Amino acid sequence: MSSSIVVIGSYVQDLTFRLPEFPKPGQTLIGNFQTGPGGKGSNQAVAAARTGVKTRFIGAVGNDAFAKVARDFHESEGIDSHLFEKPEHATGTAGILVNDHGENEIVVALGANGRLSAEDLPETLISNAGIVVTQLESNLESTHHALQFAKTNGVLALLNPAPMRDDFPVEMLNSVDILIPNETEFSQLLNTRFPETHGTFDETAINEMQPQALHELCRSFKVPTFIITLGSKGCFVSTEESFYFVDPITNITVVDTTGAGDAFVGGFASGMIQTGGDIRKAVGYGAIVGGLSVTRSGTAPAMPQKQEILAQMEVSGFSI
Ligand code: RIB
């Protein structure tokens, strides 16, 4: 397995408002504002790069002030960043609300991210990677193209189907080696993939299922490795050989869960590189990276540094 990660996906400038409770329809509330680098793809790249594994990011931005924030931030993080400029489109933005329970609500305007084209993804940028990481906050055609190219060239193809979209082409799943949805995205995937039998499946149904039945549902997608992230309950792993739960880290104070899924995905990809493809260990490593990320506010800036990860591994009695 090659020793580098390529993340293909979104850079988004996060515009975050903190307030005690989410506003009700028609209500105006006073809150605190903060802006910083975000976007699911970029967050995953930052999480991976901070673990010390060589990380490349491919995405698209506009020709505006937020694009400069993206370029400067990636440089400071040591990411091999390829940000294609789409001058007729704004850099992606997200309006994020975070309440005092650490929960969030997000609206994303894709902007330039939606314009990343297959031509922006030269094969030489992907073919020497160990793993390609994608999400759905980008152009769907180029994401599909990248997964197909990875899968047919012996590079592990990972899809984090976030945010799950109505226009998601289910054929994309044929090009995926590792699928990482959260509970909500998993139920949306089921409803999209098997509308006749699972048209009204929701997260409650997933939480009430026996592990064997959940495993069989995952297997019905025919994706070799399935990891469902379950927030504070850890995650469920279904592979062609077995299924199991991986616990989250405990004794942490949750400040902001925004970007925790991205931290897990970036950490998991790094764990796969560091262990030469040991899924159980990579999931454990991802759980530590994800768990540490919720202990402070923000998305990309909240990703843990390698020293913190190592310290937490010792506390958890976990090694890779
Ligand atoms: O997953 C969190 C991310 O989703 C935020 O950084 C925001 O940009 C949205 O893309």
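Within segment 2-14, residues that are within 19 Å of Ala94 (Cα to Cα) and at pLDDT 95 or above have Cβ atoms under 8 Å from residues that are among the basic types (Lys, Arg) and within 16 Å of the ligand (Cβ to nearest atom) in these pairs: Gly9/Lys40; Ser10/Lys40; Val12/Lys40, counting only partners at least 6 apart in sequence or on another chain. When each of Thr152, Thr93, Thr124, Thr143 is tested for being within 15 Å of the ligand (Cβ to nearest atom) and over 30 Å from Pro23 (Cβ atoms), the lone residue that passes is Thr143.
When you check Ser187 against the structure, is it under 30 Å from Thr295 (Cα atoms), more than 16 Å from the ligand (Cβ to nearest atom), touching a helix residue (DSSP H, G or I) at 6+ places or on another chain (Cβ under 6 Å) and without any contact (Cβ under 8 Å) to a residue 24 or more places away in the chain, yes or no? Spelling it out, Ser187 is indeed under 30 Å from Thr295 (Cα atoms), more than 16 Å from the ligand (Cβ to nearest atom), touching a helix residue (DSSP H, G or I) at 6+ places or on another chain (Cβ under 6 Å) and without any contact (Cβ under 8 Å) to a residue 24 or more places away in the chain. Selection of segment 165-213 for residues being surrounded by fewer than 18 Cβ atoms within 10 Å (Cβ to Cβ), in a helix (DSSP H, G or I), at pLDDT 95 or above and touching a Leu at 6+ places or on another chain (Cβ under 6 Å) yields an empty set. Only one of the listed residues (Thr225, Thr250, Thr258) is within 26 Å of Gln148 (Cβ to Cβ) and of a type in the set (Val, Ile, Thr). That residue is Thr225. Of all the numbered requirements in (1) part of a loop (DSSP other than H, G, I, E, B); (2) surrounded by fewer than 24 Cβ atoms within 10 Å (Cβ to Cβ), Phe236 misses one, and that requirement is (1).
Selection of segment 23-46 for residues being buried (at least 21 other Cβ atoms within 10 Å of the Cβ) and either more than 22 Å from Ser142 (Cβ to Cβ) or of a type in the set (D, E, K, R) (or both) yields only Lys40. Segment 1-96 holds no strands (runs of 3 or more DSSP E) entirely within its bounds that carry 3 or more residues that are polar (S, T, N, Q) and farther than 23 Å from Gln305 by Cβ. Among what's in segment 1-44 and is aliphatic (A, V, I, L, M) and within 22 Å of Asn182 (Cβ to Cβ), pick the residue that is nearest to the ligand (Cβ to nearest atom). For segment 1-44, the residue satisfying everything is Val12. Figure legend. Inter-residue proximity from segment 95-116: first residues in contact (Cβ under 8 Å) with a residue 12 or more places away in the chain and closer than 13 Å to Arg296 by Cα, second residues away from the ligand (no atom under 11 Å from the Cβ) and small (Gly, Ala, Ser), beta-carbon distance below 8 Å, spacing 6+ or different chains. Indicated pairs: Val98/Ser297.
The values are calculated or read from the model by the stated rules, or taken from the named source; none is laboratory data. These numbers come from a predicted model, not from an experiment. In this analysis, Cβ positions are derived from the backbone assuming ideal geometry, glycine residues included, and neighbour counts consider all displayed protein chains.
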